[in-house]
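Down below is the structure, laid out as structure tokens.
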Amino acid sequence: MGTNYYLQHASCPSCGHAHPPTHLGKSSSGWCFSLKVRPEEGIDSLADLINWMAKEIYLNDAKIMDEYGEQYSLPSFLEVVTKRSNPKVINMGWTESFDYPNRWYQSEADFHERNHSERGPSGLLRHRIDGIHCIGHGPGTWDFTVGEFSL
């Protein structure tokens, strides 16, 4: 299960027009946060995204929302991105936590191959860099993704 996050732009006070929400990324249980970067707009990192969101929030009254309508402050959204862990893997280890013989996967390598993943920080899975969807790993619990992905 995952939760998508968006920057909801304020409506124009004159005409009421609002730009569509901007997708910020997706939080999926047990995975590093899929942070949506936009290199064509100069947003290549978490710091770039923070600067852009702060400007939109403070100058243009934009709001960070999840797909269920819950609003987040910039600090609380950053916690979703940067304060992630998978206690099951931390406590049990990678092999034991996936219990391979009783599941669909033959091994951890088989799991990663089928899920385009690799081991990440804090017991999390992270997306394998493929240059198409995942273009990099952040220094913490987030990956840099581009284009459209599972909403």
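Observations
- Taking Cβ atoms as reference points and 14 Å as the exclusive limit, the residues near Ser45 contribute a net charge of -2, counting Lys and Arg as +1 and Asp and Glu as -1.
- Extension gain, Glu41 back to Arg114 (0.36 nm per residue minus Cα-Cα distance, nm): 23.1 nm
- Helix content alone sets the calculated 222 nm mean residue ellipticity of the chain: runs of n ≥ 4 DSSP H residues at -39500 (n - 2.57) each, divided across all residues, give -8000 deg cm²/dmol.
- Options Ile132, Gln106, Ile64, ranked by Cα towards positive dipole end of segment 28-151, top entry (Cβ charges): Gln106
- Segment 46-53 - phi-based ³J(HN,Hα) in whole Hz, Karplus 6.51/-1.76/1.60, Gly and Pro as x: 4, 4, 4, 5, 4, 4, 5, 5
- Amide H partners (placed H, <5 Å) of His137, local residues excluded: Phe144
- Karplus-derived 3J(HN,Hα), 6.51/-1.76/1.60, for each residue of segment 77-92, Hz, glycine and proline x: 5, 5, 5, 4, 7, 9, 10, 10, 7, 10, x, 4, 5, 4, 6, 9
- Residue-span extension gain [Met1 to Ser14] - 0.36 nm each, minus C-alpha spacing: 0.7 nm
- Computed from point charges on the beta carbon alone (+1 for Lys and Arg, -1 for Asp and Glu), the dipole magnitude for segment 1-121 about its Cα centre is near 160 Debye.
- Among the listed values (i) 9.9; (ii) 11.4; (iii) 8.5, the one matching mean projected area of the Cα convex hull in nm² as calculated from this structure is (i).
- Taking other residues whose beta carbon is less than 10 angstrom from the beta carbon of Ile64, and scoring Lys, Arg as +1 and Asp, Glu as -1, yields -2.
- With each label modelled as a point 7 angstrom along the Cα→C-beta vector, the Ser107-Trp94 pair spans 1.2 nm.
- Interchain or long-range residues, amide H under 5 Å from Trp31's placed H: Leu125
- Fully extending the segment from Ile50 to Gln71, taken as 0.36 nm per residue of separation minus the present Cα-Cα distance, adds 5.9 nm.
- Judged by the mean number of other Cβ atoms found within 10 Å, the most tightly packed of the peptides 73-80, 32-39, 47-54 leads the ranking 32-39, 47-54, 73-80.
Only the coordinates and a few stated rules stand behind these numbers; no lab work does. From a predicted model like this one, the values you see are computed outputs, not experimental measurements. Cβ atoms come from the backbone with ideal geometry, glycine included; neighbour counts cover every protein chain shown.
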